[in-house]
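Undergrad: Shown below is the structure under consideration.
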Amino acid sequence: MADALRQLDDIVGWGVVHDVFDAEEASAVLTLIGRHAAIINEATFGAFFGSLQRILGRSLLLAVARMYETEKAYALRSLPAAFKHLRTYGHQLKVNDREVIRLAFLKLGESISVIAAADDLVVTATLADAFEKRFVVLQSKAGNAVKTLRDKIIAHHELIDVTTLPTATYAEIDELIEFAKEFIGVIGAAYTNVAYRAGDGRFFLSLDAERSTLCLKRLLSAAGVSVSGEGPADEV
C-alpha cells in the first residue's frame, strides 16, 4: 500500500503539480503583459516584453502538453499516468475522504450512488473513469491542439504551414489547467493527505503562481511604468 501511495504522490505531487504551477505562472504573467501592452509600449519596453511573451507562450504550451501526455514507451508523470495508476493499484489505495470524491462526481456530472455502498477499490476505479471521461473531451480539441503545437513547432521545427494546425484559445488552455487542478485537489484530499486547496476553495498553486506578477508590477513601477489603471489590450 505504501509503495502505491508513494508512486501516486510522485506522479501527481511531483509531476502534474509542477506542470500546473509552471502553466499558471506563465499564464498569469502573459495576462498581465497583455492587459497593459499599450502603456508598456509607450514606455519603450515593448521589444523586451514582446520577447518575454513569446518565451512564456512556449513555456505554457510545454507545461500543459506534459500534464496531458499519454504514456507510450516509458513511464510519465501526467494525468493519463495517474488514471492508469488508480486503476492498476486501486486495491492498494485507501480512500481517506469520500466527501471530496462525491463533490468531484457532482462537478463531473457523474452519479454519486457508488459512494455510499461501494468499497474503496470500486470508488477509486469509478473516480479514474469519471475524470478520464472528461479528459477525453478536453483532449479531443484543446489538448490535441496544444500537443500538436508542441510537437511540430516547439519540440521540432517542422517545415509546415502553421496556419493549417489546430489552435486553442487562452480560455480553452485555462480550462485544461483548471481540470488538472481539480484532479490534483481530489487526489491530495482523498488519497495522499496533501492540501492543495484552501478552505475557501482557492488553490495554493494559483496563489504561489501569482507571485511573479506581483514582482513584475513592482519592477514596472520602479521603472516608472504604472499598470494599476491600464485597461485591457492585446499583445506587445
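The values are calculated or read from the model by the stated rules, or taken from the named source; none is laboratory data. Since the structure is predicted, the reported quantities are computational estimates derived from the model, not experimental observations. Neighbour counts are summed over all protein chains in view; Cβ atoms, including those assigned to glycine, are modelled from backbone coordinates with ideal geometry.
Undergrad: Can you tell me which of (1) buried (at least 17 other Cβ atoms within 10 Å of the Cβ); (2) closer than 25 Å to A155 by Cα is the one R58 doesn't meet?
TA: The failed condition is (1).
Undergrad: Filter segment 1-22 for residues that are under 19 Å from T88 (Cα atoms) and of a type in the set (D, E, K, R); which is surrounded by the most Cβ atoms within 10 Å (Cβ to Cβ)?
TA: The qualifying residue surrounded by the most Cβ atoms within 10 Å (Cβ to Cβ) is D9.
Undergrad: What helices (runs of 4 or more DSSP H) completely inside segment 30-113 contain at least 3 residues that are in contact with a Ser or Thr (Cβ under 7 Å, 6 or more places away or on another chain)? Reasoning before the result, please.
TA: On the way: elements: 37-42, 46-67, 79-88, 98-108.
It comes to 46-67.
Undergrad: Anything in segment 110-120 that is loosely packed, with under 15 Cβ neighbours inside 10 Å and at pLDDT 90 or above? List them, or say none.
TA: Here is the first cut: in segment 110-120, the residues loosely packed, with under 15 Cβ neighbours inside 10 Å are 111-113, 116-117, 119.
If the condition is that a residue be loosely packed, with under 15 Cβ neighbours inside 10 Å and at pLDDT 90 or above, then D119 is the only one that fits.
Undergrad: Suppose we filter G185, G143, G201 for residues that are within 24 Å of V29 (Cα to Cα) and in contact with a Leu (Cβ under 7 Å, 6 or more places away or on another chain); which single one remains?
TA: Working: G185 fails: in contact with a Leu (Cβ under 7 Å, 6 or more places away or on another chain); G201 fails: in contact with a Leu (Cβ under 7 Å, 6 or more places away or on another chain).
It is G143.
Undergrad: Separate question: Would you mind finding the one in E69, E99 that is out of contact with any Gly (no Cβ under 8 Å at 6 or more places or on another chain), surrounded by 14 or more Cβ atoms within 10 Å (Cβ to Cβ) and of a type in the set (D, E, K, R)?
TA: Values: E99 fails: surrounded by 14 or more Cβ atoms within 10 Å (Cβ to Cβ).
After applying the criteria, what remains is E69.
Undergrad: Having 3 or more residues that are crowded, with 18+ Cβ neighbours inside 10 Å, out of contact with any strand residue (DSSP E or B) (no Cβ under 6 Å at 6 or more places or on another chain) and of a type in the set (V, I, T) is the bar; report the helices (runs of 4 or more DSSP H) wholly within segment 138-236 that clear it. I'd like the intermediate steps shown before the answer.
TA: Working: elements: 144-149, 170-187, 204-209, 211-222.
Filter on segment 138-236 gives 170-187.
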